[in-house]
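Before any comments, here is the structure.
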Amino acid sequence: MEVKLPSKVKIGICFAVLNNFDGFAATIHSIKTRHDYRLYVVDQWRHNRPLSQAWNNAAMQAFKEGCDYALVCNDDILFGPKCIDKMVEEYERLRPTGCLMVSGNNIMLELANPEDILTYELPEDTPPSESDHPNFSCFMIKREYFEEVGFFDENFIPAWYEDNDSHRRAKLLGFRETCSNVASMVHFGGVATSRMENPSSEQSRQYYVSKWGGIPYPESETYQTPYNDPAFKPNMWKHQDGTVVGPLTKEVQQ
């Protein structure tokens, strides 16, 4: 089936910036796209909020202000010249297959110098393909992600495992999250967390196990519903204050 690609869309490019200000400036400088875009910056350096909450807040603000897509990024990536435009194209191409998330493809190990990505050109005859292992340092969603898969679980504090949680929920609900081979970018990795005073993923790991009955590496999860509670669907989770968070309603939000 031939997919008609949008000529021009509005993208909200969302960042949760902790302490890597030089890297963030370089990331912004690398943005290139033919589409309209607006930046949404969540100031993690002033607020001790979970990374997943920053993702939720920034993406929802973008959607409320009329953006068609939210491109959620770390502050330690560099975009290839066609990365963003290819992510839009791939989202539309793959949506009929149940895909609700497309990520960039980190090719840093293929480059002699990471900055080479700024002028990187993938051969024109490269056929698009995808892997069902998205890169959560640079991913694109539409509002429908929050309607179907639900909001990112904010119990992963300060970070870690929220990406595994998202991926498992999408799979259980019958959707895909993919990494596109034609959306080239570079992710340096671990820059922000290496500067944290006491970086540890243990709290998030314990929460993941309590939610899914095992860890993702290796895949040892045993629960098919969050917390092994049949009253919960995979797009629901329980906030620390006991509030149950469900998916975004499909009605238009004012």
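Read-outs: derived from the displayed coordinates by stated rules, not from any lab. Not measured: the values here are computed from a predicted model. As a convention, Cβ positions derive from the backbone with ideal geometry for all residues, glycine included, and neighbour counts pool all protein chains shown.
Structure values in brief
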item	result
Only Lys, Arg (+1) and Asp, Glu (-1) charged, at Cβ; the chain dipole about Cα centre in debye	640
Excluding exposed DSSP-loop GluC sites (Glu not before Pro) (at most 13 other C-beta within 10 Å), longest clean stretch of the chain	125-196
Antiparallel %, DSSP beta bridges [both residues in the chain], to 5	40
Fluctuation leader among LYS86, LYS142, LYS64 - the chain, Gaussian network, Cα springs under 10 angstrom	LYS64
Residue order, fewest to most surrounding Cβ atoms within 10 angstrom, among LEU71, LEU18, LEU248, LEU109	LEU109, LEU248, LEU18, LEU71
Angle in degrees between helix 202-212 and the longest Cα principal axis of the chain, rounded to the nearest 10	70
Cα-centre dipole for segment 54-179 with unit charges at Cβ (Lys and Arg positive, Asp and Glu negative), debye to 20	460
Listed residues VAL244, VAL88, VAL149, most fluctuating in the chain (Gaussian network, C-alpha, under 10 Å)	VAL244
